[in-house]
């Protein structure tokens, strides 16, 4: 069932590419237009039947009823004035970036009833990147956070919710700042841990790595460019969650320095209980 | 091909239970005797055909040519005087604990040419525990660190190496202290990270967890009792590696506070390069 006539997707990476494939497969749009910095990406997307047409010019979004912005977040924010300028009257614009406060701050200055903006963050992804790793099923069973802006448009918001539901995701509405605070703990902090942990292990010791180190650092293989933008656009919340994490590490250090078995047991048991509840 | 006549395994958890199943399947011993604190574990091990006989009394190790100690490390160290007392002349005693310096310190006081001791640490495992999760293939493709003690016995050492090779593991020889220093980075630090990270995330935020948090904290579901012992017997090395990790976190925090894009890029790229080299 068609939800939109023409959909333009700017940025055909893992998320943008997977959305294109899903929208195509489910016939949720009559036409999908892809925009990428690289013509090569457009060619691959065409070959994979993810898009009907596309190119490297942002001007291609002019004809779209729904514009999906799926580039790294700083570039995305920088492109917003141009996107709103090019978008046709009545267009719905969404983004799928991992931080939301700065995006909404910029979008709120540009959005109006005729050019509606809704922030979206599908909590799905992988350490793998690019159109080559895009595929069906990425959003199945996932949660997508919706962060509305200053301008309301109930009809457009409902259509976007339905789009995510069709892709297999549940949706939840959050204030953009609250989103960034929560995600600083549930996603950004784990990534910092992974990056820092692998940087801490001496290279000559890596041959002794077993599944523990591999699991905890898998996401350190993520795209540095993407994460650079995420960390820079959520740095204030991240400093706060890093401080909380640091207190926990310092507490742990004191416990083992003192060989305080009772406190150690409590620390480990509460962690296990919490982790066991996760899946 | 039989390597030993009678093998006793003390502690039928994930590692002890899996070793029993492997030795049985490959007919590396004529008889496998299991010792566990719980008769229930012995019953399960018998039902799974992991052991031929067994019970809750340590005295059962008297008849064994090879004694494998696979209990949590502090209990293991405490049991050593009794194990050496009970072991028959000519017996080979090995352990499979995750820390080695304190084990070897204790074993060196007891070992002699007639009761040989070799420390072993198979770098294989899981956040899952117990005989119920034991299985074939756990050691396949893994590395087993051998930490010899004061008393040498080339023949016994060769037989133990061959045992690990039969189980699918490569072996490498290390000084016990060096082992503990390396493992403090490659295994113990990742576990501390996982335990601390999940403890830091507010419970009400857990429903926003995606694969990043799940991957990085999976090992926080590990057996707290086992890890308590590991952290307490390697606390000095761990304080050092924690300090190194902490410097990395503090450096990262400064970088994002200053929004220093160049340093951030270097930090993330070096992490990705290192992690990509891992598998």
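The values are calculated or read from the model by the stated rules, or taken from the named source; none is laboratory data. What you see is a predicted model; the values in this text were computed from it and never measured. All Cβ positions, even for glycine, are placed from backbone atoms using ideal geometry, and neighbour counts span all protein chains on display.
When restricted to residues that are out of contact with any strand residue (DSSP E or B) (no Cβ under 7 Å at 6 or more places or on another chain) and more than 24 Å from residue A:80 (Cβ to Cβ), region A:1-27 contains 6. Tell me, please, whether a residue that is touching a helix residue (DSSP H, G or I) at 6+ places or on another chain (Cβ under 9 Å), closer than 30 Å to residue B:187 by Cα and free of Cβ contacts under 8 Å to residues at least 24 places away in the same chain can be found in region A:102-110. No - not one qualifying residue is present in region A:102-110. Residues considered: B:40, B:113. Of these, the only one that is surrounded by fewer than 20 Cβ atoms within 10 Å (Cβ to Cβ) and without any contact (Cβ under 8 Å) to a residue 24 or more places away in the chain is B:40. Note on region A:229-240: among residues that are in a helix (DSSP H, G or I), more than 7 Å from chain B (Cβ to nearest Cβ) and touching a residue at least 24 places away in the same chain (Cβ under 8 Å), the one that is farthest from residue B:262 (Cα to Cα) is A:240.
Might you check whether a residue that is assigned to a strand (DSSP E or B), touching a residue at least 40 places away in the same chain (Cβ under 8 Å) and within 20 Å of residue B:109 (Cβ to Cβ) occurs anywhere in region B:69-76?
Looking through region B:69-76, at least one residue is assigned to a strand (DSSP E or B), touching a residue at least 40 places away in the same chain (Cβ under 8 Å) and within 20 Å of residue B:109 (Cβ to Cβ).
Scanning region A:109-146 for residues that are assigned to a strand (DSSP E or B) and farther than 15 Å from residue A:68 by Cβ yields A:112, A:143, A:145. Is there a residue being at the interface with chain B (Cβ under 7 Å from one of its Cβ atoms) and assigned to a helix (DSSP H, G or I) anywhere in region A:164-173? Checked region A:164-173: no residue is at the interface with chain B (Cβ under 7 Å from one of its Cβ atoms) and assigned to a helix (DSSP H, G or I). Of all the numbered requirements in (1) touching a helix residue (DSSP H, G or I) at 6+ places or on another chain (Cβ under 7 Å); (2) assigned to a helix (DSSP H, G or I); (3) crowded, with 19+ Cβ neighbours inside 10 Å, residue B:177 misses one, and that requirement is (3).
In region B:116-151, which residues are crowded, with 17+ Cβ neighbours inside 10 Å and free of Cβ contacts under 8 Å to residues at least 40 places away in the same chain?
Hits for region B:116-151 are B:117, B:142, B:143, B:144, B:146, B:148.
Restricting B:231, B:245, B:208 to residues that are at pLDDT 95 or above, in contact with a strand residue (DSSP E or B) (Cβ under 9 Å, 6 or more places away or on another chain) and surrounded by 19 or more Cβ atoms within 10 Å (Cβ to Cβ) narrows the list to B:208. Residue A:152 passes every criterion in (1) at pLDDT 95 or above; (2) assigned to a loop (DSSP other than H, G, I, E, B); (3) closer than 19 Å to residue A:105 by Cβ apart from (1). For region B:149-171, the condition of being more than 25 Å from residue B:25 (Cβ to Cβ) and under 19 Å from the mean Cα position of the chain (by Cα) holds for at least one residue. Note on region A:250-271: among residues that are surrounded by fewer than 21 Cβ atoms within 10 Å (Cβ to Cβ) and within 7 Å of chain B (Cβ to nearest Cβ), the one that is nearest to the chain's Cα centre (by Cα) is A:270.
Rundown of residues vs (1) crowded, with 23+ Cβ neighbours inside 10 Å; (2) within 13 Å of chain A (Cβ to nearest Cβ); (3) not in a helix (DSSP H, G or I), yes/no style:
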site: B:156; (1), (2), (3): no, no, no
site: B:159; (1), (2), (3): no, no, no
site: B:215; (1), (2), (3): no, yes, no
site: B:227; (1), (2), (3): yes, yes, no
